[in-house]
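First the structure, in the form of structure tokens, and then the observations on it.
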Amino acid sequence: MTRAKGWAARGVAAVALATMVAGCGSSTAPSSAAASSKPVYGGTFRVALPVDAGTLDPRLSQDTSATAVDSLIFNGLVAINNNLQAVPGLATRWKQVNPTTWDFYLRKGVEFSNGQPFTSQDVVYTFDTILNPKFNAPHAQLYAAIKSVVPIGKYEVQFNLSEPYAPLLSYLNMGIVPHGAGANADFATNPVGTGPYELKSWQRNNQITLVRNPHFYGSRPYLSQIDFVVMPDNTSQVNALKAGTLNMITSPLPPQDVITLEHDSSVNVQKETGLGIIYLNLNLKDPILKDLKVRQALDLLTNRKAITQQIYKGIDTPAATTLIPGTWAYDSSIQAPAFNVAQAKKLLAEDGWTKNSQGVLQKNGKTLSLTLSTYNDPNRVEILTYLQNVFSQVGIKANVVQQDWPTFIAGVMAGHFQVALIGWLGLVDPDKAMYEQFTTKGGFNWEGYSNSTVDSLLQQARTATTIAQRKTDYDQASKIVLHDLPYIVIADQGWVVITGKNVHGLQINRTGSFRDLASVWMSHN
């Protein structure tokens with residue numbers, strides 16, 4: 001979700017939950033390392049977070065802030081690169097023995113930040129806890145096909161699956177925790193990992209400070225310290241970057257500021273196609289929204305082009321499905337209907353809605369009144385205000401509500417909403433963009449959507465042995481979802497990273513991982 005999660009949320013989950021882009025793999029300003037002298041060690045690097053992390057236990061995290069910080073504290077068996085390919089992490093290589101058996105060969109000589117040696121037992125423990133229902137790991141469904149993880153000696157593990165599971169590698173970037181970490185009640189606030197940095201301090205809703213991990217197995221990071229500064233106001237982030245009190249800011253950012261900074265010689269702006277969407281989640285259990293024609297009318301009244309051009313200034317792009325452009329699953333032929341007020345009016349009239357004396361549509365004594373909700377993000381609020389005005393033109397009474405992120409997403413997860421504007425990030429595989437969202441029992445199916453054909457297609461796509469078959473399944477499922485409209489997908493998000501001119505060596509990662517900060521250095525002017 002954009003602000004949160006893999007969820008969307010940063011809107012979500014974030015749950016949560018975030019966010020802008022021009023073109024695939026584009027970069028308006030490359031890293032300035034080439035124009036600089038030899039890399040130097042030292043310095044404190046300050047980067048903004050829009051919200052504080054909820055937990056630093058990677059098994060429990062659901063927000064993008066936690067993902068960013070954890071990517072420097074922990075390593076997974078694999079890492080996911082900018083081409084969405086699995087590359088070696090704590091596993092140096094792997095092989096698929098048969099459709100349901102994978103062997104992973106582990107890196108030797110690795111230690112956790114507390115000096116504890118890394119072995120196969122840590123991998124087994126990490127996934128055993130995730131799969132334990134009592135642990136309540138929010139992304140447990142992503143690993144449900146794992147029947148067992150067993151050690152084969154000290155530096156090899158075997159994953160045994162209940163069935164073939166196509167997206168497995170995409171999800172094995174989960175941070176590995178030391179054996180027994182679950183017994184430590186405060187592991188979420190005092191994490192121990194194998195990454196290039198370790199936690200020094202965490203001042204809630206203020207700052208998370210990382211320092212070099214002296215036990216890191218890889219090259220020594222250049223930066224001595226990384227401060228993640230919680231700064232909810234995007235404009236304040238921009239001002240702090242220009243003043244030099246921040247060294248890096250990332251999406252979501254005000255589009256106007258991104259455009260302005262692209263012409264500012266004091267900063268570098270890098271853009272990359274993102275792995276997120278912005279969408280309207282429609283509560284299908286609501287008496288009004290369970291009516292398909294109402295949902296279809298709302299879809300026709302959602303002017304994706306106007307929203308992306310006027311509010312996001314062309315940085316975000318119109319979208320119809322949860323499948324991400326530039327990935328193998330994307331099908332450009334699947335398009336949302338064009339903005340059409342007349343057709344929306346006609347649909348509502350055919351559905352029996354007529355205007356009362358106040359000009360509000362009503363049917364069987366009930367008015368067509370909707371609450372449009374989101375969290376405190378100016379661009380998100382502007383989208384809902386825009387939609388409110390459009391809806392009112394056809395007789396739909398709409399009320400816009402904005403809340404702080406925790407309150408907003410808690411309400412959505414509890415089903416206490418009608419129309420919620422959210423976002424998903426980190427959609428590294430189409431399975432992550434659809435399975436939990438649209439299967440009947442999916443963990444992120446907050447809208448109450450159920451379609452047996454979609455259930456079958458998404459399950460089939462998980463077990464397919466070829467990309468071609470998976471693509472066929474996702475295309476078919478996307479077309480059905482686009483017809484049924486549990487979501488109105490508005491825009492494809494992107495990833496924008498802006499740094500000061502003295503920051504060198506940064507290669508941005510559109511997954512939202514910050515692990516490449518381990519290669520960044522700063523010149524001292």
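Just so it is clear, none of the values below were taken in a lab; they were calculated from the coordinates. As the structure is a computational prediction, the values presented were derived from the model and not from experiment. FYI the Cβ positions are ideal-geometry reconstructions off the backbone, even for glycines, and counts take in every protein chain you see.
Worth a mention:
- The residues of segment 268-283 that are in contact with a helix residue (DSSP H, G or I) (Cβ under 7 Å, 6 or more places away or on another chain), farther than 21 Å from Asp484 by Cα and aliphatic (A, V, I, L, M) amount to a single one, Val269.
- First in segment 253-264 and more than 14 Å from Asp377 (Cβ to Cβ), second anywhere and of a type in the set (Ser, Thr, Tyr) and assigned to a loop (DSSP other than H, G, I, E, B), Cβ under 9 Å, 6 or more apart: Val258/Ser251; Glu262/Thr28
- Candidate set from segment 429-459 (those that are over 15 Å from the mean Cα position of the chain (by Cα) and under 26 Å from Ala79 (Cα atoms)); member that is surrounded by the most Cβ atoms within 10 Å (Cβ to Cβ): Leu458
- Residues of segment 259-280 classified as crowded, with 24+ Cβ neighbours inside 10 Å and out of contact with any strand residue (DSSP E or B) (no Cβ under 6 Å at 6 or more places or on another chain), total: 1
- Selection status of Asp299, closer than 29 Å to Leu506 by Cα and of a type outside the set (A, V, I, L, M, F, W, C): no
- Lone unmet requirement of (1) surrounded by 21 or more Cβ atoms within 10 Å (Cβ to Cβ); (2) in contact with a Gly (Cβ under 7 Å, 6 or more places away or on another chain) for Leu323: (2)
- Any hit, segment 498-518, residues being in a loop (DSSP other than H, G, I, E, B) and of a type in the set (Phe, Trp, Tyr): yes
- Enumeration of residues in segment 300-321 that are outside any helix (DSSP H, G or I) and under 22 Å from the mean Cα position of the chain (by Cα): Tyr312, Lys313, Gly314, Ile315, Asp316, Thr317, Pro318, Ala319, Ala320, Thr321
- Subset of segment 361-408 (residues that are of a type in the set (Ser, Thr, Tyr), under 23 Å from the mean Cα position of the chain (by Cα) and within 16 Å of Val294 (Cβ to Cβ)): none
- The set of residues in segment 54-83 that are within 14 Å of Val177 (Cα to Cα), small (Gly, Ala, Ser) and not in a loop (DSSP other than H, G, I, E, B) contains only Ser71.
- Qualifying positions in segment 490-525 - more than 22 Å from the chain's Cα centre (by Cα), buried (at least 24 other Cβ atoms within 10 Å of the Cβ) and closer than 25 Å to Pro255 by Cβ: Val503
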